[in-house]
Amino acid sequence: MIFHVLTIFPEFFEGPFAYGVVKRAKDAGLVEIRIHNLRNWTSDRHQSVDDRPFGGGEGMVLKPEPIFMAVESIWPERRPGQRVILLSAHGCLFRQAMANRLAEEAELLLVCGRDEGVDERVAEHLADEEVSIGNYVLSGGELAAAVVIDAVARLVPGVLGNETSAAFESFQDTGHGEGLLDCPHWTRPADFRGWRVPEVLISGNHAEVASWRKERARQKTRRNRPDLLGEIG
Ligand code: SAH
């Protein structure tokens, strides 16, 4: 799978994909991440990418021209499986279900906003969807793009060593997850400062472990995320 990122801060992305699962996926050729500098598509001497908002008000707005030109030169012809995603606080909320859906695409192009945002014509006439990573305002789309790429890349087949392991994580409604939180986990030592690992986990009884985990996942969801329980709560 190929991810493109359009940004005015290409150096920002030297960190987020250089570790762990995503790095291994890149090294194995399962995902490719191409960072594009929006300023490459400016034509004036100052390489300006933004301008003041019509109607007045604070801050600057990213202009449409460089963004349209960038997307049209990265993808001179749009093919199925190529989606433009505008990171935006006004977007649909990014959830695991959206990550699953996006992992089936061939190529994503993530457009990062800055300042007050992006000229609305990008959302209306260029992006296939607007995506928000949560109900808060970030200072730019770069962190959001890194979040989306990380969550989607690990779902690309072959990236997580064990094909089924993503099915047993929080929010997945496959496996034992039912869209709830994952069950809590423990590791050695069995006794840490007097806090013992639950006995059932060292019992060796797999069926009992499985049903106990399911119950603990429900308990934890009820406590921390009752919103996820919905009707099945
Ligand atoms: N004026 C806007 C915020 C702009 S923040 C508002 O009040 O809604 C600048 C940029 O940061 C946005 O263009 C977007 O690309 C990014 N951004 C901010 N919050 C975000 C969020 N919750 N999810 C995804 N991107 C976000």
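The values are calculated or read from the model by the stated rules, or taken from the named source; none is laboratory data. Just so you know, these numbers come straight off a predicted model, no measurement behind them. Don't worry about glycine lacking a Cβ; one is built from the backbone with ideal geometry, like all the others, and counts go over all protein chains shown. Side chains included, ligands, DNA and RNA excluded: accessible areas come from the protein's heavy atoms. Shrake-Rupley method; radii C 1.70, N 1.55, O 1.52, S 1.80 Å.
How many residues are in a strand (DSSP E or B) and either of a type in the set (Val, Ile, Thr) or within 6 Å of the ligand (Cβ to nearest atom) (or both) if we restrict to the stretch 92-122?
From the stretch 92-122, those in a strand (DSSP E or B) are 92-93, 107-111, 114, 118; that's our starting set.
Now drop any that are not either of a type in the set (Val, Ile, Thr) or within 6 Å of the ligand (Cβ to nearest atom) (or both), which leaves 111, 114, 118.
Of the residues in the stretch 92-122, 3 are in a strand (DSSP E or B) and either of a type in the set (Val, Ile, Thr) or within 6 Å of the ligand (Cβ to nearest atom) (or both).
Hey, among the residues in the stretch 127-143 that are more than 6 Å from the ligand (Cβ to nearest atom) and touching a strand residue (DSSP E or B) at 6+ places or on another chain (Cβ under 6 Å), which one's most open to solvent (accessible area, probe 1.4 Å)?
That would be Asp128.
Going by the conditions given, is Ala146 in contact with a Leu (Cβ under 6 Å, 6 or more places away or on another chain), small (Gly, Ala, Ser) and crowded, with 16+ Cβ neighbours inside 10 Å?
Taking the combined requirement at face value, the residue does not satisfy it.
Pull up the stretch 25-46, narrow it to residues that are polar (S, T, N, Q) and open to solvent by less than 80 Å² (accessible area, probe 1.4 Å), then point me to the one that is farthest from Glu107 (Cα to Cα).
It comes out as Thr42.
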